[in-house]
1. Does the stretch 316-328 contain at least one residue that is within 29 Å of residue 218 (Cβ to Cβ), in contact with a strand residue (DSSP E or B) (Cβ under 7 Å, 6 or more places away or on another chain), among the charged types (D, E, K, R) and buried (at least 21 other Cβ atoms within 10 Å of the Cβ)?
2. Mind telling me which of the residues 370, 435 ends up being more than 23 Å from residue 451 (Cβ to Cβ), out of contact with any His (no Cβ under 7 Å at 6 or more places or on another chain) and of a type in the set (A, V, I, L, M)?
3. Somewhere in the stretch 335-344, is a residue surrounded by 17 or more Cβ atoms within 10 Å (Cβ to Cβ) and small (Gly, Ala, Ser)?
4. Might you let me know whether the stretch 346-365 holds any residue that is touching a Leu at 6+ places or on another chain (Cβ under 6 Å), crowded, with 17+ Cβ neighbours inside 10 Å and more than 16 Å from residue 287 (Cβ to Cβ)?
5. Picking from 395, 426, which residue would you name as being over 18 Å from residue 370 (Cβ atoms) and buried (at least 18 other Cβ atoms within 10 Å of the Cβ)?
6. Is the stretch 433-449 home to any residue that is in the same structural domain as residue 394 (by TED's automatic domain parsing), over 30 Å from residue 375 (Cα atoms) and at pLDDT 95 or above?
Amino acid sequence: MRKRENSSREGSGGTKNDEIAEDLGAEDLGVVEFLTERLPARRKIRLTNKHKAIQENRTIQKNRGQATVPGLVLSLACLLILFMTPASMFRESSASSPALSLTSGDASFASPNRLNSSSDEEPARLDFNGSSIHGEVFPKLEVRALWVLRNTLVSRDEIDRMLRRAKEAGFNLLFVQVRGRGDAYYKSSIEPRAELLSKNVFDPLAYLIAEAHRNRFSVHVWLNTLLVWSAPQGPSNVRHVVLSHPNWVAVRSDGKSLAELSRKEIEAMGIEGVFLAPGNPAVREHIRAVVRELVANYDVDGIHLDYIRYPNMTVGYDEGTRTEFMRRYGVDPDQIANDREAMIELFGKIGLQDLGLLWEKWRVSSVDALVDSVRSDLRTLNPKVRLSAAVIADSRSAIGRHGQDWPAWLRRGVLDFVVPMCYSASTQFVRNQVLAIRNLADEKRFYPGIAMYNQSPGRVVEKVRALRKMGVSGFSMFCYDPERPRSAVLRELSRTVFEEPAMPRPEATEWSYDK
């Protein structure tokens with residue numbers, strides 16, 4: 001407690017630490033330097049200005065014979081305290097920083113206007129996690145991701161504009177949407193070229209990756225995995241999966257394919273559009289082929305899976321899925337849903353309930369199988385490519401209503417990280433979501449997604465500050481849309497919580513997870 005009181009007076013000058021510094025003679029400084037050079041990296045010391053001034057007078061002091069025994073004793077005592085003090089004590093806020101300040105290594109990521117500030121301004125306090133300026137903490141090892149919508153990829157000018165805005169705002173990772181509705185915003189032999197690009201011959205993904213890497217962004221390609229259509233009118237390209245493989249589309253228990261439903265019926269179900277059936281092995285193989293093509297042909301840093309789930313658990317009755325379940329368990333799921341009397345006669349009420357639970361678990365496992373197979377392919381093709389997913393923040397809802405068991409994916413090491421979609425405008429609600437997620441995942445393996453479309457810039461900043469205090473290691477902002485770029489939010493982020501740059505290319509840092 002006394003140490004905190006002494007250091008809290010440091011800003012006004014004349015502290016006990018200063019008195020000790022003045023007592024240190026030239027030879028004492030030599031002892032300090034000799035020993036601190038041999039400290040572990042996490043405890044290296046950077047001499048303050050007063051110590052540097054003493055160091056400059058080394059020769060004068062040495063000639064005058066002013067190195068005293070008391071001074072030597074004091075310096076050795078200080079070193080003894082340093083070695084006995086827990087490392088966590090050195091990561092306190094600037095209000096309690098001792099006279100000997102800590103450095104986190106390369107300071108080249110600090111803002112130039114801060115490094116060149118006048119002596120009257122309080123200097124940036126660097127610690128192992130980043131810097132703190134005027135009470136605002138800026139972690140260096142922090143993911144600052146931005147979801148980039150596919151309509152950004154229609155031209156070089158749009159891509160350049162997005163990269164400039166993202167760089168100015170302080171982002172370091174881009175989730176770039178390259179598969180929106182079963183189409184390709186890149187050169188593909190598997191998926192049809194996106195209609196927005198049909199008249200454009202250039203490869204937008206190749207251009208974006210080259211420019212993004214030149215500007216020190218990570219690029220994770222964002223795929224709408226199982227959602228393949230949502231427009232009122234169906235696709236026109238005969239190569240589109242809905243037209244070329246209609247038997248892959250998810251089917252309800254009444255036998256209706258989602259592709260056959262009207263827009264009104266889709267909305268009545270509370271779903272986003274037409275989904276493929278993850279229980280169908282042919283669908284899983286198709287998704288794997290899409291990912292393999294991207295990793296083989298492009299220098300991507302990661303694969304980001306979105307809509308990696310069922311629309312809801314009323315579907316799963318397509319022929320391919322039913323056949324797989326029957327092959328394993330000898331029961332047709334259609335009978336479980338639609339022929340209850342016959343099933344009760346065969347298995348009894350409890351037996352039918354057990355079959356229903358088995359059917360639900362099996363559908364969850366079919367999504368697991370898809371994610372597992374993608375991870376397996378990445379290990380073979382390029383183990384350095386990260387695998388992540390945008391997930392429903394409420395894990396119970398994710399599993400029970402959509403078959404998305406993302407906590408299990410993290411536990412088994414299938415995903416490097418998840419991005420829970422915490423899109424509420426309420427900061428308290430988002431905090432509660434993150435508290436629940438933290439019980440399921442390490443802070444370095446989830447980065448909450450924050451909405452920019454439904455709240456003021458100030459509310460977005462408020463969430464970043466609140467989640468940083470909770471120990472969250474990164475965020476993703478939803479989303480960049482060239483038609484609505486959320487410029488006010490980006491400006492507010494750049495002048496407040498993202499003012500200090502974070503480490504570029506974040507997956508290259510020590511906290512990345514190699515699988």
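1. There is no residue in the stretch 316-328 that is within 29 Å of residue 218 (Cβ to Cβ), in contact with a strand residue (DSSP E or B) (Cβ under 7 Å, 6 or more places away or on another chain), among the charged types (D, E, K, R) and buried (at least 21 other Cβ atoms within 10 Å of the Cβ).
2. Answer to the selection: 370.
3. yes
4. no
5. After applying the criteria, what remains is 395.
6. no
Residue-wise test of (1) outside any helix (DSSP H, G or I); (2) closer than 26 Å to residue 283 by Cα; (3) touching a helix residue (DSSP H, G or I) at 6+ places or on another chain (Cβ under 9 Å); (4) not charged (D, E, K, R).
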site: 152; (1), (2), (3), (4): no, no, yes, yes
site: 165; (1), (2), (3), (4): no, no, yes, no
site: 174; (1), (2), (3), (4): yes, no, yes, yes
site: 199; (1), (2), (3), (4): yes, no, no, no
site: 207; (1), (2), (3), (4): no, no, yes, yes
site: 223; (1), (2), (3), (4): yes, yes, yes, yes
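Conditions tested, residue by residue: (1) in a strand (DSSP E or B); (2) of a type in the set (Lys, Arg); (3) outside the structural domain of residue 224 (by TED's automatic domain parsing); (4) in contact (Cβ under 8 Å) with a residue 12 or more places away in the chain.
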{"residue": "300", "(1), (2), (3), (4)": "no, no, no, yes"}
{"residue": "335", "(1), (2), (3), (4)": "no, no, no, no"}
{"residue": "343", "(1), (2), (3), (4)": "no, no, no, yes"}
{"residue": "349", "(1), (2), (3), (4)": "no, yes, no, no"}
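The values are calculated or read from the model by the stated rules, or taken from the named source; none is laboratory data. On a predicted model such as this, the values are computed, not experimentally measured, just so you know. Every residue, glycine as well, gets a Cβ built from its backbone with ideal geometry; the counts of neighbours run over all protein chains shown.
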